[in-house]
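The structure under discussion appears below in the form of structure tokens.
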Amino acid sequence: MTIARPNTTWLACGLLGLAIGLSVWCGGCGDFFAEKATELEAERALSDLTGVRPFVEPNVPRHPVYETPPEISRQVVSGVEEYKLFYFCKYHTSDKLRQIIHDQFATQLFDEKGKSTNVKDYTVTSNPATNQLIVRCPTLQDVEAVLEVLEKVDVPPIQVRIDCIVSEVYADMTMDREVTDEITKLFGEDIFIGGKRSPDGTELWPAFPGAALREVARSRFGLKVGYASERFKTLIDILQSKGYLKVLMNPSLEIVNAQTAKIVSSEHVPLEQVTTMLPKGGEYIIESRTEYVDVIDSLEITPYVFADGYIALQTVATISSKNTPHGVKQVPIVTKREITNKENRIRQGESLIIGGIRKTERFAVVRGVPFLKDLPVLGILFSSKDFEERAKETIFILTPTISTGGQPPAEITERLRRDHEPPVPAETLNEAITDPFGFAARQREQELGILESERARLEAEREKATARAAIRAAEQKTALAQQQAQRAIAAAQKLKQEAERAKAEAEAKAKAAEQAKAAADKAIAEAAAAKAQAEKIAADSTAAKQEAERAKAEAEAKAKAAEQAKAAADKALAEAEAAKAQAQAKARAAEQAQKEADGGSPEGQQPPSAQDPNE
């Protein structure tokens, strides 16, 4: 009996193949144990880096000091009374509110030369670390006026969400045809027709060049078709090129009303290599360098929300590109488009087109031999043609809406996870071998079902976003009610403080009235004593008055007698004057008589002396 033994060669080959397959399946080719740790570490690093980590929900409450109402304190500094306001800014930065208070309460004065200066009877300080304002005023009415302005200005600002679409489309089509002709011994004679050759005579230049006149690199493109022999050469080079460029930007940003947001995307890209000849020592050195240029795309937007619901957008949009094809050579060039728009009004949720620049260019040139180029069919051999057409359009579309104030971190995490998940892989030969029972295929079908249900999930997310917006609106109303309640409490405390202050003032007034009453009583007693003394003085003055009146009567009688004596003296004086005048008249009459008597007496006899009539 013979026992059959298996072929050891086939068995060894099978075992060797099994070992190689296990090595490839488990750890790949090469040293298995040396590379396994590295592969595991690489897989773990890739898993950590490519995974999406969830955001931590920040539910940390604010410090109670920030929820306290504004505080007004009274201080005495260097014997001078002053008031201070401590105000935590709720919706705006302390620096902006500080500027508003300064503009509202600073007094502007002008000197004789017209220069203005600000005179402040208050001091306002900003603390950015706590977003707090500290205002010092000389009186309580001033600090209350500052607080009233702050409560009316520090209100929730409007936040605007702007979805932007920037689209640029560029396309060109170029066609050029050039002909090279050379005919020797035409009609059996030494008649030659052809273009020019290079100086060394080795290269035949085109008789009717096409785009090569415009671009040096044209000679590198194209395919020549024709007939060439020792006596006859006709080559036609026809080249047509088509190119396009599409640039699409779709940024989204959220901006507080009347603030400016800017999106900038910059690339430092190289252009073509530039070769220059530099003289050095009587020789020229070839130097090559690559030029770089900045390709910048930017969008600057400032929204303004009006009370009627319309929104104005001040925009400066700039879009640049490097890859615009240019002609047959396809040389990359840098283009820049900038659009500025300052005055507009659109409804919320509608789109504003601030671009729409369209430009079309056509270029055509025909060169050839006169008359021959116009022959049908044969004119192609004696002419060339260049044709180029370009068209481009740039559009900026902006859609502003009132922002809901962000999205929950959990939803953002889920969205990023879905966006970064790898696509559902197709079945490969490796899967067919390693998964003969189709477990991976069933899992792939389940993933496809999940992808099909994505649309329904998106609809649910829309409804959820609407509900979230309603919840936020309710929360805003609740916050507003709480703010109103806090204001009412602050107003009640203020009224209480005013009542206590009024009570203190009333008590002070009552005490002052009592002091005034005591002083009045004292003044009344002093007035009574003064009255008695005045009555005594009045009685004494009455007796003195009677004595004075009697003395006055006596004086008047004496004066009257003196006047009578004076009148008698005046009369006697008048009579004496009259008698004197009469005597003088008589004396003159006597002298006259004497003169007359002397005229009749003997010569030398003296007249008798006249006697004084008074003797």
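The distance between label points at Ala572 and Val365 comes to 15.5 nm (points 7 Å beyond Cα on the Cα→Cβ vector). Extending 7 Å from the Cα toward the beta-carbon at both Thr130 and Ala490 defines two label points whose distance is 1.6 nm.
For Ile380, the accessible surface of its heavy atoms amounts to roughly 80 Å² (probe 1.4 Å, protein chains only, rounded to the nearest 10).
Using 0.36 nm per residue and subtracting the Cα-Cα separation, the extra length available between Tyr91 and Ala548 on full extension is 155.3 nm. Sorting Lys392, Lys242, Lys359 on solvent-accessible area from highest to lowest, probe radius 1.4 Å, gives Lys242, Lys359, Lys392.
Note on surface exposure: Ile395, Ile357 rank Ile357, Ile395 by accessible area, highest first, 1.4 Å probe. For the range 348-383, backbone nitrogen atoms closer than 20 Å to the point 7 Å from Ser229 Cα along Cα-to-C-beta are found at 378, 381-382.
Here each label is just a point 7 Å from Cα along the line to Cβ, and for Leu248 and Glu463 those points are 3.0 nm apart. Sorting the segments 549-557, 362-370 by their residues' average number of neighbouring beta-carbon atoms within 10 angstrom, most packed first, yields 362-370, 549-557. Checked against a 22 Å cut-off, the cross-linked pairs Lys509/Lys531; Lys96/Lys496; Lys84/Lys152; Lys90/Lys494; Lys152/Lys477 give Cα-Cα distances beyond that limit for Lys509/Lys531; Lys96/Lys496.
Suppose R0 equals 51 Å. What FRET efficiency, 1/(1 + (r/R0)^6) with r the Cβ-Cβ distance, do Tyr304 and Leu239 give to the nearest 0.05?
On the way: r = 54 Å, r/R0 = 1.06.
Calculated value: 0.40.
Per residue, the range 340-399 exposes 65 Å² of accessible surface when a 1.4 Å probe is rolled over the protein heavy atoms with every protein chain present.
The values are calculated or read from the model by the stated rules, or taken from the named source; none is laboratory data. Since the model is a prediction, treat every value here as computed from it, not as a measurement. Reconstructed Cβ throughout: ideal geometry from the backbone, glycine too, with neighbour counts over all protein chains shown. Ligands, DNA and RNA are stripped out before the accessible areas are found, and what is left, the full protein with its side chains, is counted by its heavy atoms. Shrake-Rupley method; radii C 1.70, N 1.55, O 1.52, S 1.80 Å.
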